[in-house]
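Down below is the structure, laid out as structure tokens.
Each value in this text was obtained by applying a stated rule to the coordinates, not by laboratory testing. The shown structure was predicted, so the numbers you read here are calculated from the model rather than taken from an experiment. Here Cβ is always computed from backbone atoms with ideal geometry, including for glycine, and neighbour counts include all displayed protein chains.
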Number of protein chains: 2
Amino acid sequence: LGHARLADFDLKEGYVNLNAGSFGVCPKRVREAYNRHSLAIEANPDLFLRFNYADSLAHVRRQIADLIRSDAGELAFVTNATVGVNTILRSLASTKVADKMGMAYFSTIYGACGNTVEYLVDHTKHIYSQEIPLAYPISHADILQKAEALLQSDKDINVFVFDLISSLPGVKMPWVELIQLCRKHDVYSVVDAAHGIGHVPLDLQAANPDFLVSNCHKWLYGYRSTAILHVPSRNQHLIHALPTGHGYLTDKKKKAGLGKLIGIATSEGANAFIAEFEYPGTVDMAGFLALEESIAYRASLGGEACIREYCQKLVQDGAEKVAQMLGTSVLQTEEGCSMAQVVLPIDWEADQQKMTPNERSIWLIKTAMDDYNCCFSPFVHNRMWYARLSAQIFNELKDFEYVGTVLTKLLKEM
Amino acid sequence: LGHARLADFDLKEGYVNLNAGSFGVCPKRVREAYNRHSLAIEANPDLFLRFNYADSLAHVRRQIADLIRSDAGELAFVTNATVGVNTILRSLASTKVADKMGMAYFSTIYGACGNTVEYLVDHTKHIYSQEIPLAYPISHADILQKAEALLQSDKDINVFVFDLISSLPGVKMPWVELIQLCRKHDVYSVVDAAHGIGHVPLDLQAANPDFLVSNCHKWLYGYRSTAILHVPSRNQHLIHALPTGHGYLTDKKKKAGLGKLIGIATSEGANAFIAEFEYPGTVDMAGFLALEESIAYRASLGGEACIREYCQKLVQDGAEKVAQMLGTSVLQTEEGCSMAQVVLPIDWEADQQKMTPNERSIWLIKTAMDDYNCCFSPFVHNRMWYARLSAQIFNELKDFEYVGTVLTKLLKEM
């Protein structure tokens, strides 16, 4: 692992990517597998889409299920984690699991998912939201205490959306304990594991969330964009595919004793949940099929633990190195992952005289890219500037040293 | 045009595809353009997704807008027509355009779209549906009369979903007159033009629908799956992107005077509608960008009229030929398009002793494909069996003669 692995990816030569956490990276062999599937589909679209794809997809679903100790009957493919979170929250809102529905989330929720909750609040009388402010550094115990305080004081909260690994800052949350807390308070746990699969070990049987989504294109080396939606059997009656498609069985049809009639094959042994999600209308299925190649590539590298340990150690060492170069520190977290945050020596308030934090963030990314051919994720949290650094198997400590030098220069240019 | 054009596509050699209307066909050069864009994205995902894509996408949007006399500020990309119809109907349901909302549709509505209306009916107190039965053959005047009768008698109908070209049967509807009828009765017209763009001439300025969606992968030779959603300025405040993403401006943010803050560039001059739809989270954008190549390919063939006239004439002649071979007739319609229906000499009731119509349909498709390497769409309408035949530029009359022979054999095997 290290720079030699750059040959396996399509990143432009010389580009120092310490931001694979944002959009993921796709190995060449996965793209090639995608192209093979794509050509097979084009050779006879009807054959593939009417007859072959359902079982092919079921095969990949079983492989993913094995990887995260889910069950292929509890796993559907969706295009990305945001679609997954929308599917869950909009379904729960439609099913109206309670007369008054409170949806809780931490202030560090991913923007699009926070917007999804607020969209429902803005448009649905019986839904309201509660945001729990989090200011890092913070211990897991404190996070759990804040969550429990809300669930204890507000008995109308029945849905809690939280990250497995939050995006900004890129930090692993006490997700298993949060699931347990939800169960204790009879609240649905909705785990946004956008950064989950391929990043940290997942055992969904043990963790037992009510709902979980994970991008495969972020850390699993999946084709962009591929994601999974995990819904245990006990909750499948609450969830419907988004968009509503051929697989939805209307009340009218149910009353008339009809099933779905669409001339599209269903995979062998598919339950009602799978049957509803399996054919999301005409979409590009080749990316999902290519996930098999992602898994094979990961095995060829030595497997999950090998990849994970390399990236986690590297980002830890790398972030320390950058902090040392900048004379700052690394955001301390209770558990490591393959992302880390280095404090940037920028005076948050003073800099706003020059531009807004959003403009500054874009300036930092754009200048790093245009002038120095590298990338990281700058952001403000709790009145402090940070750079989020992601480690991938093609990175080495040298990349962090380089970005440290670039940051030093950028800070002078500001 | 004709068999020589097969060289431009990836269809398997010898495969006689008279069903391009179902899943579309993608020219090799469009797939190659897709691959080029895809590689450019992989070379530096952050550069593309944060900075470059919005303006690139806006460029393609302008090209499509020109083609259908829409406006680039009224056009968003979505993955397929079903997603588009879901976006519109779910938005209207959320915005609650009236205290009681009736949604009307014809019985020939596309399955997934009918299911979408019924999903909303099943889960929303203030929404109900009215289905208008259509039995072909039927004149445009009769269709319009049935529609008007409902809108006159039921004043709570405020949304009418109808096809521009229905799927089964594949027939052009009096869509412009239906839009006018909706306007007269103060009802929102939702046009499902899944089979629209690249199939029949579209002048959206003249037709002036309230909402329209069209697949680009069906008839425009777009990469699978690409579609457009047209929302005139007057209705944009009613519509929100599905899934809710970074671009949604929550009531909270509006009250606080905040805009969207996401570190993702917006295209130059984007209005609020475009800004909300422009970045649908991490998805594969390469297909949308490759639409430029679809348009270039169509121009190289002689342009829209040339393609359209070839396909319409061919399907008309071809369907007549098949009907003659089977000793049946072609479903008469008031306006032609590139699909036609031939009556199959199957006794609908008697055949149900052997298998259900759905099973029979699958058997016909599967046997035609496995044993005779060809495809068409069989279906039952108004107690009659039909084969829907689609013509594309790579088809010739010979293909219809071949499918006629195959149908003769299949009918004997039943």
query = Leaving out same-chain residues fewer than 8 places away, which lysines sit with a Cα under 23 Å from that of B:LYS313?
reply = B:LYS172, B:LYS218, B:LYS321, B:LYS398
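Dipole size in debye (nearest 20) for region A:77-145 around its Cα centre, Lys and Arg Cβ +1, Asp and Glu Cβ -1?
Details: 4 positive and 5 negative charges, 52 e Å.
Using only the charged Cβ atoms, the result is roughly 240 debye.
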Fully extended contour minus Cα-Cα distance, from A:LEU397 to A:ASP317, at 0.36 nm per residue = 28.1 nm
inquiry  = Between 0 and 90 degrees, rounded to the nearest ten: what's the tilt of helix A:357-372 against the longest Cα principal axis of chain A?
reply    = 80 degrees
inquiry  = On a straight-distance basis, which aspartates and glutamates could pair with B:LYS255 in a cross-link, Cα separation under 20 angstrom, same-chain partners fewer than 8 positions away excluded?
reply    = A:GLU118, A:ASP122, A:GLU131, B:GLU276
request  = Among A:PRO169, A:CYS182, A:TRP219, flag the residue with its Cα farthest along the positive direction of the charge dipole of region A:143-249, charges on Cβ as +1 for Lys/Arg and -1 for Asp/Glu.
outcome  = A:TRP219
Mean separation of Cα contacts under 8 Å, 6 or more apart, over the residue count of region B:235-285: relative contact order % = 51 percent
message = Checking the cross-link filter: which aspartates and glutamates have an alpha carbon closer than 15 Å to that of A:LYS366, excluding same-chain neighbours under 8 positions apart?
response = A:GLU413, B:ASP46
note = B:GLN236 neighbourhood, Cβ < 15 Å, K/R = +1, D/E = -1, net charge -3
inquiry  = Residues of region B:283-310 with backbone nitrogen within less than 15 Å of a virtual label 7 Å along the Cα-to-Cβ line of B:HIS59, please, listed as ranges.
reply    = B:286-296
query = Picking from A:MET103, A:GLN152, A:ALA241, whose Cα lies most toward the positive end of the charge dipole for region A:44-296 (charges on Cβ: Lys, Arg +1; Asp, Glu -1)?
reply = A:ALA241
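What average count of beta carbons from other chains do you get within 10 Å of the Cβ of residues in A:117-125?
What the average comes to for A:117-125 is 5.
Grab the beta carbon distance between B:THR408 and A:THR95, set R0 = 45 Å, and tell me the FRET efficiency rounded to 0.05.
Efficiency at R0 = 45 Å is approximately 0.35.
Sum -39500 (n - 2.57) across every DSSP H segment of at least 4 residues in chain A, then divide by the residue count to get the 222 nm mean residue ellipticity, nearest 500. Don't skip to the answer; put the middle values down first.
Numbers: 16 runs with 178 residues, N = 414.
Per the formula, -13000 deg cm²/dmol.
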query = Within region B:1-37, which trypsin sites (Lys or Arg not before Pro) sit in a loop by DSSP and count at most 16 neighbouring Cβ atoms inside 10 Å?
reply = B:LYS12
query = Based on the Cβ-Cβ distance from A:GLU334 to A:ARG234, what FRET efficiency comes out when R0 is 41 Å, to the nearest 0.05?
reply = 0.85
note = For B:ARG29, the net charge from surrounding residues (Cβ-Cβ under 10 Å; K, R +1; D, E -1) works out to -1
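Sorted from fewest to most neighbouring beta carbons within 10 Å, what does the list A:ASP71, A:ASP99, A:ASP210 look like? Could the numbers behind the result be given before it?
Details: A:ASP71 15, A:ASP99 7, A:ASP210 22.
With the fewest neighbours first, A:ASP71, A:ASP99, A:ASP210 line up as A:ASP99, A:ASP71, A:ASP210.
Sorting B:THR124, A:THR356 on the 10 Å Cβ count, fewest up front, what's the list?
A:THR356, B:THR124
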ask   = If you average the sequence gap of Cα pairs under 8 Å that are 6 or more apart and divide by the length of chain B, what percent do you get for the contact order?
value = 23 percent
Antiparallel DSSP beta bridges within the protein assembly as shown, as percent of all bridges there, nearest 5 = 50 percent
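Let me make sure I get this right: for region B:174-253, a, b and c are the square roots of the gyration tensor eigenvalues over alpha carbons, sorted descending. Under 1.5 in a/c it's rounded, otherwise prolate if a/b > b/c, else oblate. Which is it?
Oblate is the answer for region B:174-253, as a/c is 1.5 or above yet b/c matches or exceeds a/b.
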ask   = Of A:MET355, A:MET369, A:MET173, which is the most mobile in a GNM of chain A whose springs link Cα atoms less than 10 angstrom apart?
value = A:MET355
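Pairs to check: A:LYS125/B:LYS96; A:LYS253/B:LYS96; B:LYS96/B:LYS254; A:LYS96/B:LYS125. Give those whose C-alpha atoms are more than 22 Å from each other in this structure. Don't skip to the answer; put the middle values down first.
Numbers: A:LYS125/B:LYS96 11 Å; A:LYS253/B:LYS96 26 Å; B:LYS96/B:LYS254 20 Å; A:LYS96/B:LYS125 11 Å.
In this structure, A:LYS253/B:LYS96 lie more than 22 Å apart at Cα.
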query = What length, rounded to one decimal in nm, is gained on full extension from A:GLU148 through to A:ARG36, with 0.36 nm per residue of separation minus their alpha-carbon distance?
reply = 35.3 nm
query = Using the count of nearby Cβ atoms within 10 Å as a rough guide to exposure, how do A:HIS37, B:HIS237 rank from fewest to most?
reply = B:HIS237, A:HIS37
task = Specify whether the C-alpha gyration tensor of chain A places it in the rounded, prolate or oblate class, a ≥ b ≥ c being the square roots of the eigenvalues: rounded for a/c under 1.5, otherwise prolate if a/b is larger than b/c and oblate if not.
result = oblate
ask   = Against the longest alpha carbon principal axis of chain A, how many degrees, from 0 to 90 and to the nearest 10, is the axis of helix A:291-300 turned?
value = 50 degrees
key: Virtual spin-label span in nm between B:HIS126 and B:ARG383, 7 Å along Cα→Cβ   = 4.2 nm
note = Non-local residues with an amide H under 5 Å from the amide H of B:HIS381, with H modelled 1.01 Å from N and Pro and chain starts lacking one, are B:TYR386
task = Within region B:7-29, which residues have the backbone N less than 18 Å from the label spot 7 Å out from B:CYS306 along Cα→beta-carbon, could you tell me?
result = B:7-9, B:27-29
inquiry  = Treating the point 7 Å from Cα along Cα-beta-carbon as the label, what are the nm separations from B:ASN35 to the other copies, to one decimal?
reply    = 0.4
query = Of all DSSP beta bridges in region A:44-296, what percent run antiparallel (nearest 5)?
reply = 35 percent
